[in-house]
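To start, the structure itself, in structure tokens.
Just so it is clear, none of the values below were taken in a lab; they were calculated from the coordinates. Quick caveat, the model's predicted, so the values are computed rather than measured. Note: ideal-geometry Cβ built from the backbone for every residue, glycine included; neighbour counts use all protein chains shown.
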Amino acid sequence: MRSHQKCSEVAGPRIHAQMANMIENFDISDYFDNYTGDYYIPPLDSAPCSPSSPVNRYAVFTVYATVFLLNIIGNSLVILVLSYNKTKKSSTDVYLLNLAVADLLFSLTLPFWATYRVNEWLFGIAMCKIVSVLQEVNFYSGIFLLACISVDRYLAIVHATEFFTNKKYGVTFSITAIWVISIGISIPTIWFRDVFLSPSGGIVCHENLGPGTSDWMINIRIGRHVMGFFIPLLVMLFCYGFVIKTLIRTKNKQKHRAVRVILAVFLVFLICWLPHNIIVMVDSLMRRGHVSETCSLRDHLDTALYITEVLGYTHSCLNPILYAFIGHKFRHSFLTILANKGIISKDRLSSYGRSVSVMSSSAHTSTTI
């Protein structure tokens with residue numbers, strides 16, 4: 001009874017009613033057997049595993065707060081630069097603009113996750129679902145946009161064509177499809193995400209699986225990661241492989257700069273998100289029974305999931321940093337805005353502009369890269 005009172009006081013009467021209904025309708029051990037959150041509950045005939053805290057939660061809070069600030073500042077500048085450009089935007093510019101919007105929207109979830117890592121979930125069921133869906137939608141849309149950018153660069157550089165990439169309606173259709181598919185992949189999150197008491201007594205925001213649904217949910221989880229990560233990854237590997245091969249054959253310094261930007265964006269994405277997705281797939285296979293589960297393996301997987309998720313979240317703030325340090329055209333566009341607003345002198349803009357005048361003449365490059 002005390003646990004139910006605590007839940008009611010923190011998360012409201014609705015959670016109290018839900019938990020009472022769970023206990024009334026099925027055995028509590030069945031509920032724990034189907035719980036796939038951060039707390040491992042072993043089979044009833046084995047010794048219990050002790051939940052561990054793999055990472056200092058205040059360090060994670062600091063990382064999330066830093067990523068949040070860099071994300072807001074950096075992606076706001078990217079949106080400003082791309083929106084301020086009055087000339088006809090290339091298809092890559094449009095994709096990059098949507099990518100910055102996706103990362104900016106994702107940043108809105110970080111204060112909630114940062115607070116959650118320090119404490120328990122304090123924001124109720126509605127915010128649990130909204131924040132989780134927003135995170136999922138922007139994660140998948142970001143990956144699909146990166147894949148579209150790789151296809152765009154492949155067509156523009158390898159085949160030297162703008163027939164498809166500069167078709168206004170083609171780009172509009174692609175972006176619309178990306179957001180619709182991303183929302184569709186995230187629908188299971190709306191259905192299963194809930195707030196409830198964990199076995200350790202804290203209130204969590206996680207999948208709330210009933211008896212007989214865990215296998216189905218894990219199959220959906222595997223399908224989402226294959227469709228939403230590994231397939232776009234193969235597309236990017238194919239496109240960027242041919243792009244780099246084509247550019248390396250040339251002796252044009254401008255194109256070699258393009259190689260550096262493309263490699264940086266792709267490699268940073270790969271470093272940030274590939275480890276987490278591999279660990280998630282291993283975890284899913286273990287929950288399906290294809291990998292033997294032990295307390296030691298569960299503890300190591302939980303630690304890996306925790307750390308790689310933090311690493312993945314940092315990706316949302318890194319692209320603007322890459323544009324600023326590697327993208328000469330991005331810096332020139334930003335300095336142009338400052339000069340037009342009277343913040344810096346026209347002479348300084350002119351001196352910098354001469355160093356990027358050759359790059360600006362290319363019809364296949366974007367405002368950012």
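Quick check: pseudo-label points 7 Å beyond the Cα along Cα→Cβ at Lys245 and Leu69, how many nm apart are they?
Inter-label distance under the simple model: 4.5 nm.
What list of ³J(HN,Hα) values in whole Hz, one per residue of the stretch 228-237 in order, does the Karplus curve 6.51 cos²θ - 1.76 cosθ + 1.60 (θ = phi - 60°) give from phi, with Gly and Pro shown as x?
The phi angles translate into x, 9, 5, 5, x, 5, 4, 4, 5, 4 Hz.
Stretch Lys341-Leu267 to full length: gain in nm at 0.36 nm per residue minus the Cα-Cα span? If you can, show how the numbers build up before the last one.
Details: separation 74, 0.36 × 74 = 26.64 nm, distance 3.53 nm.
That pair, Lys341 and Leu267, stretches by 23.1 nm at full extension.
At 7 Å along the Cα-to-beta-carbon direction for both Ser292 and Val180, put a label point, then send me their distance in nm to one decimal.
Using points 7 Å along Cα→Cβ, the separation is 4.8 nm.
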